[in-house]
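See below for the structure under consideration.
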Amino acid sequence: MPVALAAGLAVLPGLLTWVWGRRLLRGVDDPALPERVLAWRHRSAAALAVSAAILIVLLPGEAPWSVPLLVLVRLAGGFPIRRALFGESWGFVAYLAHLARLTVGLVGFWLALLLAPALVAGAGAWRWPVAAVLGLLLVAWGLAYPQVLRWVLGATPLARPELEARFEAIAERSTAPRPGVWVAGPREGRWAN
């Protein structure tokens, strides 16, 4: 019984996200579409949060497999809607791969820092060498964070000659150090910043 309940709770938010999103696509010409998309995302996030809380608090033995399933099914439920709204052409696997790279690039350092004490504690007699290696890796990652992020995302310098003069005019008026302008992300998808 707990396995079936956990599976149902893991699948429900993704199913709701898909159903609510299908309704959203029927009014794609609606001037209130941005507000409707925001409301859809909030409802979807609330369904995800409630299911995750129930799984973690009431079914902790099932959480190690059901919470990842919850996230995966939620992403799958929202993907067709996202693809239609943004005019994307990539597949679900490419979307997941990019999302994984984005997660590693943006929060990977902090996750590694958070998990480091548990990794060191679990290393037993090797805890001092593991601590030293982890410490060096984290310091190096922290110092080279922008370079690591660009590498993980496959970022390249923006090559748009028609924009160079505009960027130059802004940089000349500024007293701030000149920033780099980079392009990252898949050509088939849309990621607004």
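The values are calculated or read from the model by the stated rules, or taken from the named source; none is laboratory data. These numbers were taken from a predicted model, which means no experiment stands behind them. Virtual Cβ from ideal backbone geometry, glycine too; neighbours counted across all protein chains shown. Heavy atoms of the whole protein, side chains included, go into the accessibility calculation; ligands, DNA and RNA do not. Shrake-Rupley method; radii C 1.70, N 1.55, O 1.52, S 1.80 Å.
Taking the residues in the stretch 8-45 that are open to solvent by 50 Å² or more (accessible area, probe 1.4 Å), more than 14 Å from GLY77 (Cα to Cα) and assigned to a helix (DSSP H, G or I) as candidates, determine which candidate is modelled with the lowest pLDDT. Among them, the one singled out is ARG26.
Only a single item in (1) within 24 Å of the chain's Cα centre (by Cα); (2) under 21 Å from GLY108 (Cβ atoms); (3) open to solvent by 90 Å² or more (accessible area, probe 1.4 Å) is not met by ARG187, and it is number (2).
Out of ALA84, ALA100, I need the residue that is surrounded by fewer than 13 Cβ atoms within 10 Å (Cβ to Cβ) and under 17 Å from ARG187 (Cα atoms). Which one?
ALA100
Filtered by the rule that a residue be open to solvent by less than 40 Å² (accessible area, probe 1.4 Å) and modelled with pLDDT under 95, the stretch 121-133 gives ALA123, GLY124.
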